[in-house]
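**Q** Sharing a structure, written as structure tokens. Questions coming.
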Amino acid sequence: MALSILYALLPKGAILTAAKCAGSLILILVMLRPLVTLRVEDLAVPYDVWEERTAEQTEQLTQDNLSSMEALIEEECSAYISEKAAQLGVTVKAEVLCEVRDGVPFPAEVTLDIPYNEMLSDTIAADLDIPYERQHWQEN
Amino acid sequence: MKGALTLLLCFWLMVCCATTAWAQLPEEVEEALPEAAEELLEDLGETEADTGTLQRGLRRMGEMAWDVLSRDFRASLRVAILLLSVVLLHGMTESIFESTGGSKMVNVIPLAFVLVVTMTTAGDMQTMIGTGMATMEELDVLAKALLPTLAAAVAAGGAIVSASVQNVATVFFANLLITLIREVLLPLVYCYIAAVTANAILPQQPLKGIATVLRKGITWILTGTLVIFTGYLSITSAAANSADTLTLQLTRSAISTAVPVVGGIISRATSSLLAGAGLLKSSLGVFGMLAVLATCLTPFVSMGVQYILYKLTAFFAGLSGGGRVVELIDALGNAFGLVLGMVGACAALLLISITSSISVVIA
């Protein structure tokens with residue numbers, strides 16, 4: 001705006017030509033100022049950081065998924081054991097723990113709140129594939 | 001125009017992907033909503049099966065858009081009429097100046113009228129840029145709450161690598177775009193406004209080329225960022241999808257080695273997880289789209305109205321004779337369009353990411 005006023009007021013001739021040259025340079029500098037003052041590091045997206053965050057996120061989401069699956073499977077297995085125990089005339093509360101094999105949680109260990117029951121133990125070993133040594137019974 | 005078409009395409013894909021059921025939305029997502037969007041989407045986040053959730057949300061937005069349009073149209077029309085009057089007065093003044101021996105005096109009439117136009121539109125310009133920047137910050141806050149939750153829902157559906165890649169890419173590009181807009185493009189808009197104003201005063205219009213370069217440069221940068229983001233997402237999604245499919249096949253192989261009872265339990269657990277994840281993914285997708293549109297609604301309508309009215313003013317003013325003042329009004333309308341484009345680019349980036357996330361299906 002100031003340059004425009006100056007051009008309008010200056011008489012035609014060498015002075016006006018010089019003023020226009022100087023004014024053009026000033027205008028170009030003003031327009032390029034955002035690019036000159038730009039901090040390139042603010043825009044930089046290092047691929048290593050990107051890759052690392054993707055890996056972290058993948059790991060986090062995988063763990064979250066596995067935790068949800070484990071909780072569901074443990075609950076279902078406990079309910080199954082209680083149902084089988086009821087068929088044998090026994091009331092039991094079972095706590096099942098899972099182990100991850102090839103990315104999938106499998107029931108691996110169980111703790112029961114009743115003394116050893118042979119038929120129930122066989123059922124747990126056959127149906128849920130939990131070995132005898134990993135079945136923990138309450139001692140009298 | 002291209003931005004508007006991209007938004008329409010995302011909207012169409014979203015409508016196709018929307019399911020009939022609805023799930024309870026996470027609290028952090030609801031808390032991240034801006035006030036205007038919260039008011040618009042009130043009661044849409046409740047747990048109920050509702051086929052009309054998307055339609056209800058869009059209907060409410062339509063009503064709100066009409067209210068904003070009516071209010072802003074009246075306010076902008078006053079400015080448009082004022083600018084038209086200035087152009088007519090400028091034409092009359094120039095004629096009088098020339099008929100009274102104008103060639104013997106310094107002609108300051110264009111300078112005076114350009115100053116009048118600039119002062120008339122200065123308030124609108126400041127408001128527009130402030131509104132645009134505030135909207136982009138709100139979209140950034142919404143994205144930071146919505147995207148991780150959506151990624152978790154997509155991952156729970158088995159697409160873990162796809163979810164990670166999309167989430168990280170969107171966060172990076174969103175940060176990049178907003179930083180670029182704040183540090184480079186908005187200052188360039190100010191430069192553009194200064195260039196067109198100075199160009200209107202100077203007799204030979206030496207800055208016309210610079211103004212055109214600035215306008216086109218800003219448009220290309222915005223378009224280029226969106227194109228690169230969409231391209232990256234398409235390419236990496238294909239690769240991530242293959243990785244997720246392979247993982248699923250390995251999981252199926254592992255399950256097939258289990259005894260029948262355990263296999264049945266694991267299958268049921270997986271089905272429950274998938275069903276819940278699918279429901280949450282769809283809900284978040286629809287809600288996310290509505291939230292993004294609701295956040296942009298008022299600024300879009302306001303800036304759109306001003307852009308159209310400035311262009312129409314320049315058109316009608318041009319019928320009375322044209323001139324540098326008319327070109328200035330047209331160029332100021334373009335400045336509104338540039339800021340509108342920036343907000344549109346941020347919204348489009350989020351909508352593309354949301355659409356891409358809820359479209360992920362593992363074979």
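The values are calculated or read from the model by the stated rules, or taken from the named source; none is laboratory data. Keep in mind that this is a model prediction, so the values were computed, not measured. Neighbour counts run over all protein chains shown; Cβ positions are idealised from the backbone, glycine included. These accessible areas exclude ligands, DNA and RNA; they are computed on the full protein's heavy atoms, side chains included. Shrake-Rupley method; radii C 1.70, N 1.55, O 1.52, S 1.80 Å.
**Q** Which condition number does B:Val189 fail, the rest of (1) more than 8 Å from every other protein chain (Cβ to nearest Cβ); (2) under 18 Å from B:Leu338 (Cβ atoms); (3) open to solvent by 10 Å² or more (accessible area, probe 1.4 Å) being met?
**A** (3)
**Q** Among all residue pairs at least 6 apart or on different chains, which show Cβ distances below 8 Å where the first residue, located in segment B:145-159, is at positive phi and the second is outside any loop (DSSP other than H, G, I, E, B) and open to solvent by 20 Å² or more (accessible area, probe 1.4 Å)?
**A** From residues that are at positive phi, the pairs are B:Gly158/B:Thr247; B:Gly158/B:Leu248; B:Gly158/B:Leu274.
**Q** Within the group B:Ala153, B:Ala122, which residue is modelled with pLDDT under 85, within 14 Å of chain A (Cβ to nearest Cβ), under 28 Å from the mean Cα position of the chain (by Cα) and open to solvent by less than 30 Å² (accessible area, probe 1.4 Å)?
**A** Details: B:Ala122 fails: open to solvent by less than 30 Å² (accessible area, probe 1.4 Å).
Just one listed residue meets the conditions, B:Ala153.
**Q** Still on this model: Determine whether B:Leu207 is at the interface with another protein chain (Cβ under 8 Å from one of its Cβ atoms) and within 30 Å of A:Leu9 (Cα to Cα). Spell out the reasoning first.
**A** Working: at the interface with another protein chain (Cβ under 8 Å from one of its Cβ atoms): yes; within 30 Å of A:Leu9 (Cα to Cα): yes.
Yes; evaluated as a whole, the condition is true for this residue.
**Q** Please list, ordered by first then second residue, the pairs with beta carbon atoms under 6 Å, 6 or more apart or interchain, first in segment B:246-257 and of a type in the set (Gly, Ala, Ser), second open to solvent by 90 Å² or more (accessible area, probe 1.4 Å).
**A** B:Ala254/A:Asp102
**Q** Could you please find all residues in segment B:226-240 being surrounded by 19 or more Cβ atoms within 10 Å (Cβ to Cβ) and within 11 Å of chain A (Cβ to nearest Cβ)?
**A** First pass over segment B:226-240, keeping only residues surrounded by 19 or more Cβ atoms within 10 Å (Cβ to Cβ): B:226, B:229, B:233, B:237, B:240.
Answer for segment B:226-240, where residues must be surrounded by 19 or more Cβ atoms within 10 Å (Cβ to Cβ) and within 11 Å of chain A (Cβ to nearest Cβ): just B:Ala240.
**Q** May I ask you to say which residue of B:Glu98, B:Glu94 is closer than 30 Å to A:Pro11 by Cβ and buried (at least 18 other Cβ atoms within 10 Å of the Cβ)?
**A** Numbers: B:Glu98 fails: buried (at least 18 other Cβ atoms within 10 Å of the Cβ).
Residue meeting the stated conditions: B:Glu94.
**Q** Between B:Arg268, B:Arg182, B:Arg215, B:Arg252, which is facing chain A (nearest Cβ under 10 Å), under 18 Å from B:Gly132 (Cβ atoms) and charged (D, E, K, R)? First the steps, then the outcome.
**A** On the way: B:Arg268 fails: under 18 Å from B:Gly132 (Cβ atoms); B:Arg215 fails: facing chain A (nearest Cβ under 10 Å); B:Arg252 fails: under 18 Å from B:Gly132 (Cβ atoms).
Testing whether each residue is facing chain A (nearest Cβ under 10 Å), under 18 Å from B:Gly132 (Cβ atoms) and charged (D, E, K, R) leaves just B:Arg182.
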